[in-house]
2 protein chains.
Amino acid sequence: MKELEQRILLDGRVLPGEVVKVDSFLNHQLDVAFLSKMGQAIYDRFKDQHVTKILTIEASGIAIAVLASTYFGNVPVVFAKKGASSNIGTDFYTAPVHSYTKNKDYNVIVSKRYLSEEDRVLIIDDFLAEGQAMTGMMSLCDQANATIVGLSVAIEKGFQSGGKKLREAGYNLDSLAIIESIEDEVITFRPQ
Amino acid sequence: MKELEQRILLDGRVLPGEVVKVDSFLNHQLDVAFLSKMGQAIYDRFKDQHVTKILTIEASGIAIAVLASTYFGNVPVVFAKKGASSNIGTDFYTAPVHSYTKNKDYNVIVSKRYLSEEDRVLIIDDFLAEGQAMTGMMSLCDQANATIVGLSVAIEKGFQSGGKKLREAGYNLDSLAIIESIEDEVITFRPQ
């Protein structure tokens, strides 16, 4: 998605450790009109997959997932929660995730009520690097015997291993923008 | 908002401790069409306030805030983060919050980049009980010298003190549904 690449170049900030901050429009302040365009681009790429549910993870995935849902006929969005919650009850699927960014382990959790074998799930997240959060959400779907019909990512760090592994495993992964490299604070995208 | 009251009676579950679970449509699984109607109701109540920014808090407030924004001409949404994040930088406003539900303390955090004295802020959250998260977000606005033009809540627990205190302090607080009491698992709403 060309507009997303341009927006990353315009508003993204590169921090040490190949961190790209896009918190002016994507994951702290939210540019709702722009995120809606991203949602439409996601719809264009997965509209033939008969999506019945969108799964994402708190907190940064929620806005994109909700706006994408409006193009998919308002299919329900379920957001996985992080860590144990005293409020969620005992009836849930859970999978361990390691965050390299925050250097800590947590669990992703979804209530069994909201993911089932009837579901054709599109998983949406804002970033894909090593793919930890994504594989955690995929495990939740597998535990529910739900069908994973697509993996949608806003920004993939193509120089990390997550995307390569998922494509080699045969998953229908689409990233709106793929960062090929970051050198001397210069971002280069993979042509798509 | 009558439809919200009806939906709470239909799909809400009352748990011990006067907890009302609405995770089938509001804060785990998201009924996007319904949340959009709630966003429209919020617009109807605050449309004259010249809102320039919506502030909410991760994670449950994000969906409502984003869908409300679509009625307010896509004004930017900023979601406050909970706890210290290694990724947010040092340039932020912060306020302490005590969660009675989870019985723990945390900080709400907003980058100074995204809240300023130019802003006329509508604060949106899913629940209001003792008002801890709300007053935390109000403190962030005060630190930024932003103008708080309204406080919008989906579900207020009217038998707890948050709403009363905020109204007595003169804030423009509007709750789409106010639970007056929960007795023997029966929910009664305050007439509005």
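So the values come out like this:
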item	result
Accessible area that becomes buried as B packs against A, both chains, 1.4 Å probe, Å², nearest 100	3200 Å²
Rounded FRET efficiency, nearest 0.05, which uses the C-beta distance separating B:Ser116 from B:Lys47 and R0 of 25 Å	0.65
Taking only Cα atoms of the protein assembly as shown, radius of gyration then Dmax in Å	20.1, 64
Selected from B:Ser175, B:Ser69, B:Ser161 as most flexible by GNM, with chain B as the system and alpha-carbon contacts under 10 Å	B:Ser161
For A:Leu55, residues with placed amide H under 5 Å, excluding near neighbours	A:Val78, A:Leu122, A:Ile123, A:Ile124
GNM flexibility winner over chain B from B:Thr70, B:Thr147, B:Thr90 (Cα, springs under 10 Å)	B:Thr90
Whole-percent carbon and sulfur share, accessible surface of the range A:26-157, 1.4 Å	41 percent
Residue-normalised accessible area of the range A:40-117, given per residue in Å² at a 1.4 Å probe	45 Å²
Cα-Cα over 20 Å, subset of B:Lys81/B:Lys102; A:Lys53/B:Lys157; B:Lys2/B:Lys157; A:Lys21/B:Lys104; B:Lys81/B:Lys112; A:Lys81/B:Lys82	A:Lys53/B:Lys157; A:Lys21/B:Lys104
Of all DSSP beta bridges in chain A, antiparallel share, percent nearest 5	45 percent
GNM top mover of A:Val108, A:Val32, A:Val149 - chain A, alpha-carbon springs below 10 Å	A:Val32
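The values are calculated or read from the model by the stated rules, or taken from the named source; none is laboratory data. In this text the structure is predicted, and so the values were computed from the model without any measurement. Counting neighbours? That spans all protein chains shown, and the Cβs are built from the backbone with ideal geometry, glycine included. Note: accessible area is taken over every heavy atom of the protein model, side chains too, but ligands, DNA and RNA are not part of it. Shrake-Rupley method; radii C 1.70, N 1.55, O 1.52, S 1.80 Å.
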